[in-house]
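Only the coordinates and a few stated rules stand behind these numbers; no lab work does. Note that the coordinates shown come from a computational prediction; the quantities given were computed from them, not determined experimentally. In this analysis, Cβ positions are derived from the backbone assuming ideal geometry, glycine residues included, and neighbour counts consider all displayed protein chains.
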Amino acid sequence: MKLPFNFYAVRAIYVYEMSRTRRTLLQSVVSPVISTSLYFIVFGSAIGTRITQIEGVTYGAFIVPGLIMLMLLTQSTMNASFGIYFPRFVGTIYEVLSAPVSPLEIVLGYVGAAAVKSIILGVIIMATSWLFVPIHIIHPFWMVAFLVLTSLAFSLFGFILGLWADSFEKLQAVPLLIITPLTFLGGTFYSTSVLPPPWRTAVLFNPLVYLISGFRWSFFGIADVNVGLSLAATLAFLAICMAIVWWFFKTGYRLKN
């Protein structure tokens, strides 16, 4: 009896994408961990000793959720975008499209692998942070929820980017010129409550403020915006990305030409 869902196709795409991580272990895992550790050393140990506590949390611990989120957003986007762009670049995407594999199964394979890689990196960096500062997770369930939802949402965003980009320059421009600056301005190293009123209002238009704030709340129980609003913003972004991916496959945009 034929199953309505092609599990083997999803598994094949997923395993291939995960094997690409093993082949580029230095770039995929070691490099992000070292980069984040340097942030801990510079901001947490060096600068953090000169800054008083923020809402009862030491500065070194306060920046941990922001740094994890910084890595999570950039790595999810880049893993998924390169994962789908390279088959388009070399032409092997047409073999996938002509196979008896549905668009949902293709997305599950590529996005699932990118999200899992980002989650693993997030866990590794979280464990590494304990070497620098003591942290306590007040809401572990919501920490995992924000970790998974953010990884899925930005892996979908990276998938969209990989379909849209027609050059490696465009592929790298969005994470470097948009996502990373917005993350830095979204409260990675500070609380938006310390900003003057006009700027405090302005940063609310940065969607990454809600993701970082919700993730930090799961650690320390403090947030710059209401946690319900953070969760709603995360789910809304996930839904928008799903709708755009559906439209890409429905119209064949960047897939059939």
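A few remarks follow.
- Contacts under 9 angstrom Cβ, first residue in the stretch 214-243 being free of Cβ contacts under 8 Å to residues at least 12 places away in the same chain, partner of a type in the set (Lys, Arg) and part of a helix (DSSP H, G or I), 6 or more apart: ALA223/ARG216
- Listing of helices (runs of 4 or more DSSP H) fully contained in the stretch 24-132 that carry 1 or more residues being within 30 Å of LEU163 (Cα to Cα), of a type outside the set (Asp, Glu) and within 14 Å of the chain's Cα centre (by Cα): 31-39, 59-90, 103-129
- ILE160 being of a type in the set (A, V, I, L, M, F, W, C), outside any helix (DSSP H, G or I) and surrounded by 13 or more Cβ atoms within 10 Å (Cβ to Cβ): no
- Residues of the stretch 128-153 classified as of a type in the set (Ser, Thr, Tyr) and within 17 Å of GLY60 (Cα to Cα), total: 2
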